[in-house]
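Everything on this sheet refers to the single structure shown next.
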Amino acid sequence: MEIKSGAQLERAVVRVGKALGLEAETQVALGQRIWGRNRRIDVVLTRPDTGLMLGVECKFQRVLGTAEEKIPATIADIEAWPIRGIVVVHGDGFSADFKAFVRSSGKAIEFGELTTWLRFYFGLPRERALEAEMKLNGDG
């Protein structure tokens, strides 16, 4: 699936969640950010049988720029949410150093790792993740 914008990344996160059998809501209003503006969580995924929820902030960057500079503030904002949250990043505009930070932080992941990460977070069977991957790749 080709992703060329933040909005497309948000839709792709929803597709992955639904392929795994999760419910998805977008642009969920939830209080105020640490700097005072109203907060909207890009995607909230819910496992219907347990009610377990995860908020997902989507950050896309096509070329080197400021998105990676904003991620630490986003991670700090997530700490104020009443549910657990993660940042999903995608695009060629993230530096190698930033990608290392993403992998080590436990608070952000690259989009390509999302299916596996959600499988473990929501405690889903491996078979469901494999079926989701097939569906997303057009093989199922």
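The values are calculated or read from the model by the stated rules, or taken from the named source; none is laboratory data. Please read all numbers here as calculations on a predicted model, not as lab measurements. Counting neighbours? That spans all protein chains shown, and the Cβs are built from the backbone with ideal geometry, glycine included.
Could you tell me whether ARG84 is at pLDDT 80 or above, within 18 Å of GLU10 (Cα to Cα) and basic (Lys, Arg)? Yes.
Go over the candidates VAL44, VAL63 one by one and state the one that is within 16 Å of ALA12 (Cα to Cα) and among the aliphatic types (A, V, I, L, M).
Just one listed residue meets the conditions, VAL44.
Pairing residues of segment 1-29 that are part of a strand (DSSP E or B) with residues that are of a type in the set (Ser, Thr, Tyr) and modelled with pLDDT of 95 or more, at Cβ distances under 9 Å and at least 6 apart in sequence or on separate chains, gives GLU23/THR46; ALA24/THR46; GLU25/THR46. Working only within segment 123-138, note down all residues that are over 26 Å from ASP92 (Cβ atoms) and either modelled with pLDDT of 95 or more or assigned to a loop (DSSP other than H, G, I, E, B) (or both). Those that are over 26 Å from ASP92 (Cβ atoms) and either modelled with pLDDT of 95 or more or assigned to a loop (DSSP other than H, G, I, E, B) (or both): GLY123, LEU124, PRO125. Scan segment 21-41 for residues that are at pLDDT below 95 and either surrounded by 19 or more Cβ atoms within 10 Å (Cβ to Cβ) or of a type in the set (Phe, Trp, Tyr) (or both) and the total you get is 2.
Just need a number here: residues in segment 70-86 that are without any contact (Cβ under 8 Å) to a residue 24 or more places away in the chain and assigned to a loop (DSSP other than H, G, I, E, B).
Residues in segment 70-86 being without any contact (Cβ under 8 Å) to a residue 24 or more places away in the chain and assigned to a loop (DSSP other than H, G, I, E, B): 1 in total.
Looking only at residues of segment 87-122 that are at pLDDT below 90, of a type in the set (D, E, K, R) and in a helix (DSSP H, G or I), we find that the one that is farthest from the chain's Cα centre (by Cα) is ASP97.
I'd like to check something: does segment 49-61 contain any residue that is surrounded by fewer than 20 Cβ atoms within 10 Å (Cβ to Cβ), under 15 Å from the mean Cα position of the chain (by Cα) and of a type in the set (Lys, Arg)? Checked against the condition, which is being surrounded by fewer than 20 Cβ atoms within 10 Å (Cβ to Cβ), under 15 Å from the mean Cα position of the chain (by Cα) and of a type in the set (Lys, Arg), segment 49-61 yields no hits at all.
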